[in-house]
1. Of all residues in the stretch 100-127 being touching a Pro at 6+ places or on another chain (Cβ under 9 Å) and closer than 21 Å to Glu55 by Cα, which is surrounded by the fewest Cβ atoms within 10 Å (Cβ to Cβ)?
2. Please count how many residues of the stretch 116-145 are more than 15 Å from the chain's Cα centre (by Cα) and part of a loop (DSSP other than H, G, I, E, B).
3. Can you pull out the residues in the stretch 56-69 that are part of a strand (DSSP E or B) and acidic (Asp, Glu)?
4. Considering only the stretch 134-145, I want to know if a residue exists there that is over 16 Å from Asn78 (Cβ atoms), of a type in the set (S, T, N, Q), touching a helix residue (DSSP H, G or I) at 6+ places or on another chain (Cβ under 6 Å) and at pLDDT 95 or above.
5. Taking the stretch 89-107 on its own, how many of its residues are in contact with a strand residue (DSSP E or B) (Cβ under 7 Å, 6 or more places away or on another chain) and free of Cβ contacts under 8 Å to residues at least 60 places away in the same chain?
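The values are calculated or read from the model by the stated rules, or taken from the named source; none is laboratory data. Keep in mind that what you see is a predicted model, and the values were worked out from it rather than measured. Because the Cβ atoms are built from the backbone with ideal geometry, glycine has one as well, and the counts that use them run over all protein chains shown.
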Amino acid sequence: MKSSKLATICLTAITISLALFGFSISASNQAQAQAQGGEGFKADLTGKDEVPPTESNATGTAEILFNNDSSQASYFVNTTGFEKITGAHIHNGTQGVNGDVVVALSKEKSSKNKDNPAIWFAGNIQSSDLQGPLKGKEISDLANLINNGSAYVNVHTADNPNGAIRGQLSAGEVQMDHFSKSSGESDKASSDKASSDKASSDKGY
């Protein structure tokens, strides 16, 4: 009887220990995710979302990650089907409406693989990068714009100078490894942004 009681007590103790251990891991993972970044936004880029729609068969995804207080932002954009792009930007505009450029993400880039063309770029967004209606404002203003459903990512080509593929940014889970593995590209991407010509700030381009 005593042995059965002792076994029950031991089993209960083990169960409680495992539960506490699981809770500890869960809390640790959550804390790590919060430390890595704050709010994330995503967009699927297609030609049919352009205004007017294009016949481009290329596709892409864009991810924007803000830190916890929305004072910093990073981006990752990946496209497939383009041998060359002339630029990429975040625009101010709701779905179905063209708007001004607020951030230049990249200038001209070419794919190294002509058989299966793919182009990706990444970088950080500073308040000094903001332009158009956000010029002179803070990164938190960009976060608010995106949060309100009033921002989209647009990728341009020579055949479609006003935009070949586009996607509305909305809240979504981003891949943290995209931002960690792309850190080596950040300086290059930032340089690309700074070198974007004045034409990139025109409405719809």
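1. Let us first name the residues in the stretch 100-127 that are touching a Pro at 6+ places or on another chain (Cβ under 9 Å), namely 100, 102, 110-111.
Keeping just the survivors that are closer than 21 Å to Glu55 by Cα gives 110-111.
Values: Ser110: 11, Ser111: 18.
In this case the residue turns out to be Ser110.
2. Summing the residues that are more than 15 Å from the chain's Cα centre (by Cα) and part of a loop (DSSP other than H, G, I, E, B) in the stretch 116-145 gives 8.
3. Pass one, the stretch 56-69, residues part of a strand (DSSP E or B): 59-66.
Residue satisfying the conditions is Glu63 alone.
4. Taking the stretch 134-145 first, the residues over 16 Å from Asn78 (Cβ atoms) are 134-145.
Now narrow it down to the ones that are of a type in the set (S, T, N, Q): 140, 144.
Those still in the list that are touching a helix residue (DSSP H, G or I) at 6+ places or on another chain (Cβ under 6 Å) too: none.
No - not one qualifying residue is present in the stretch 134-145.
5. Going through the stretch 89-107 one residue at a time, the tally reaches 3.
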